[in-house]
Amino acid sequence: MKTLPSNSRRKCRAVFLGGLLGVALTATFAQPADSTYLFSHFAGAAGGPGAVDGLGSAARFNTPDGVAVDNQGNTYVVDSINHTIRKIFSTGLVTTFAGLASTPGNTDGTGSAARFSDPHGIAVDSTGNIYVADSGNSTIRKITPGGVVTTFAGRAGAQGSADGAGSSAEFWYPRAIAIDRAGTFYVADNSTIRKITPGGLVSTLAGTPGPWGFVDGTASVAKFFQPCGIAVNSAGVVYVADTGNSRIRKITPDGTVTTLKDNLGTPINLYNVHGIAIDTADTLYATVNYLASISKITLAGEVSALAGPTTYAYYYDPLDVDGPGTVARFNFPYGIAVDSTGVCYVADSRNHSIRKITPTGMVTTFAGLSNARGSADGTGANAQFDVPSGLTADSAGNIYVADSNNNEIRKITPGGVVTTLAGAPGYFSISSQDGTGSAARFYYPQSVAVDTLGTLYVADSGNNAIRKITPAGVVTTYVGISGWNYGGYLDAPGSAARFRGPNGVAVDANGIVYVADSGNCIIRKITPDGLVSTLAGTASQYGSADGIGASARFAHPNGIAVDKDGMIYVSDNGSLTIRKITPSGVVTTLAGTAGVVGNVDGIGSAAQFRYPNSLAVDRAGNVYVTESTGYPQPGYGNTIRKITPNGVVTTIAGSTDNFGSEDGLGFAAKFSAPYGITVDSANNLYISDAGNNAVRP
């Protein structure tokens, strides 16, 4: 990170959330920029979500959904979170065909002047016109080969199930669209399948709006449950991926609905089937989210795996593998299309890429670059992480990472060389053993801190303990009993103490360790001889009260840091505030207002946060905070905030409206569920960008 002069200003939109108990919501606000921070990639893949045009792996997508292929070999992709339509030429060159990244709306226009809102389905007709199920606007949009966007059917903001012509018709978050040879359209819309003539007359072919169900029958007698995929063959027979029912449904031109069966006469069960496509031989291809695989179904009802696993893969397995058939791996494949040669194209949504599958099942990445989840040591982009969380920096400039899903503690040198200091990756390595290097075991370590001698302290959250690692990699359990079943609350020395899901850990210049004991909603203190006491809060008493010692209240505190004067700072995730604690246990609120969620910059209680996670403090007393829910999604933080010693809060990087992986200055930088943060002796910040499986400086 470098500091550069700044004079920029930015307007941001607050995102409205429903169903957040006890949380007030904010409206539009002006957000002053503190764009003096330049972020880049330091270790881990430089892939993941984004909105970059380019050739092949240089391009970036953000949760692509629908995909379609025209008769010229061009591929069109609904880039849902970017609110854009992308075009991929047969050479692999990706361009933005219509819409503007990170800018939702409902405007007709040409190219980047048009606006979409969370689009999902897409289809191309024989003359090259593109039709989009613009889900967030509840409309069907048309795009000419020249990029001119108009609204073909429905009316933005008018959700419903009314049949009619053009703008008099209504849709309810349409998810998929298909076109037959005569130019008739079929739309998967809520619990119905809608039909649109080439002239724009909308009718309901099958299903009933409102209650979901699973009934075969004709027209309105039939019932569907959240259909997300649709395809039509040359005879006008429609096939539906009935996602909620995990079935493939078939609709004849007269509206008769049946459930597709295999060659033994048993209904085909594809758990959480999502996308569907059909080739010239009437062979069906379907994306199956539960298995993260692609299934193939012949006319005779023979079901086979074209690509991806045939049984459920553990969450810790790599999910971005190219290769033949069942060797390949996907991560929530959504839309699928098949060209005239039998080649399938898949929108691999959480790998933020488009995958290509030959008729023999060979999988390659056609465009985009996944965030390469794994546990590989190496330099820079050659290294791999799996949800890196807490970070800390030693006096020599080495960075230590709690690599949570890998259950490892990693070390990164100033030159970007990544090694594994302790622990071992994989689902079956989860345990609580002490030992040296790879002989040690952790269970979802969340945070790390380093003292002046280079000794590490680890908040081993799943094991409910604080672990200690020497510079040589020798791991011992410092306080608490390491094990998932030992969660509790007890102040005591060493192994007699009990914690409940500790998330944050920090150490001061005197070797005193402070712990954000999240499950107990308290802040703990550990003296160098291993005596554990409660500094502030009362165990299991959830709240947001300022006060002294036990009279204070916290709401699932996550991050913790200590400055050179011994002042402690806490990101109180549940109350959406940043708290400050003196060494004697006096708790005050530094910034934010309890229960008020937002991304408002300002002074003290005028500022608002959206799920603050980890924090760090520099030598000048500035506090830096990461914000996200821990899962990449728009409207939920994905920002880095700065708080001066007098409580002035500014946003220094990222965007709450969107997540991504782009490097850049200030708001141009994008993050995906940023979690850990640390500052080194030269005042450089490092971010563990968990959703991108990377460390960003």
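The values are calculated or read from the model by the stated rules, or taken from the named source; none is laboratory data. Computed from a prediction, not measured in an experiment: that's the story for all the values here. Here the Cβ is made from the backbone with ideal geometry for all residues, glycine too, and neighbour counts use every protein chain on show. With ligands, DNA and RNA removed, areas are computed over all heavy atoms of the protein, side chains included. Shrake-Rupley method; radii C 1.70, N 1.55, O 1.52, S 1.80 Å.
For this structure, a couple of remarks:
- Taking region 82-96 as the range and being open to solvent by 30 Å² or more (accessible area, probe 1.4 Å) and β-branched (Val, Ile, Thr) as the test, the residues that pass are Thr91, Thr95, Thr96.
- Residue that is farthest from Ser672 (Cα to Cα), among those in region 346-365 that are crowded, with 24+ Cβ neighbours inside 10 Å and of a type outside the set (Gly, Ala, Ser): Ile357
- Contacts under 6 angstrom Cβ, first residue in region 423-437 being farther than 18 Å from Ala376 by Cα, partner at pLDDT below 90, 6 or more apart: Ser432/Ser482; Ser432/Gly483
- Considering Gly301, Gly308, Gly275, Gly378, the condition of being surrounded by fewer than 17 Cβ atoms within 10 Å (Cβ to Cβ), small (Gly, Ala, Ser) and under 27 Å from Ala58 (Cα atoms) is satisfied by Gly378 alone.
- Residue within region 384-391 that is of a type in the set (D, E, K, R) and surrounded by 19 or more Cβ atoms within 10 Å (Cβ to Cβ) present: yes
- Of the numbered criteria (1) touching a strand residue (DSSP E or B) at 6+ places or on another chain (Cβ under 8 Å); (2) more than 30 Å from Val417 (Cα to Cα); (3) not in a strand (DSSP E or B), the one Val363 fails is (3).
- Looking across Arg373, Arg410, one residue alone is open to solvent by less than 60 Å² (accessible area, probe 1.4 Å), touching a Leu at 6+ places or on another chain (Cβ under 9 Å) and closer than 22 Å to Ala682 by Cβ. It is Arg410.
- Any hit, region 102-110, residues being assigned to a strand (DSSP E or B) and surrounded by fewer than 18 Cβ atoms within 10 Å (Cβ to Cβ): yes
- Any hit, region 329-338, residues being touching a Pro at 6+ places or on another chain (Cβ under 8 Å), part of a helix (DSSP H, G or I) and farther than 24 Å from Asn245 by Cβ: no
- For the criterion of being farther than 17 Å from Gly519 by Cβ, free of Cβ contacts under 8 Å to residues at least 60 places away in the same chain, aromatic (Phe, Trp, Tyr) and open to solvent by 10 Å² or more (accessible area, probe 1.4 Å), Tyr486 fails.
- Any hit, region 673-694, residues being touching a helix residue (DSSP H, G or I) at 6+ places or on another chain (Cβ under 9 Å), in a strand (DSSP E or B) and on the phi > 0 side of the Ramachandran plot: no
- The strands (runs of 3 or more DSSP E) found entirely in region 135-192 include none that carry 3 or more residues being modelled with pLDDT under 95.
- Of all residues in region 491-509, those satisfying the criterion of being touching a residue at least 24 places away in the same chain (Cβ under 8 Å) and open to solvent by 30 Å² or more (accessible area, probe 1.4 Å) are Asp491, Pro493, Arg498, Arg500, Ala509.
- Taking region 331-345 as the range and being within 23 Å of Pro227 (Cβ to Cβ), in contact (Cβ under 8 Å) with a residue 40 or more places away in the chain and either crowded, with 20+ Cβ neighbours inside 10 Å or of a type in the set (S, T, N, Q) (or both) as the test, the residues that pass are Pro333, Tyr334, Gly335, Ile336, Ala337, Val338, Cys344, Tyr345.
- Among the residues of region 398-444, those that are outside any strand (DSSP E or B), within 13 Å of Arg467 (Cβ to Cβ) and small (Gly, Ala, Ser) comprise Ser431, Ser432, Ala440.
- Qualifying strands (runs of 3 or more DSSP E) (wholly inside region 459-508; at least 3 residues being over 15 Å from Asn520 (Cβ atoms)): 465-469, 474-479
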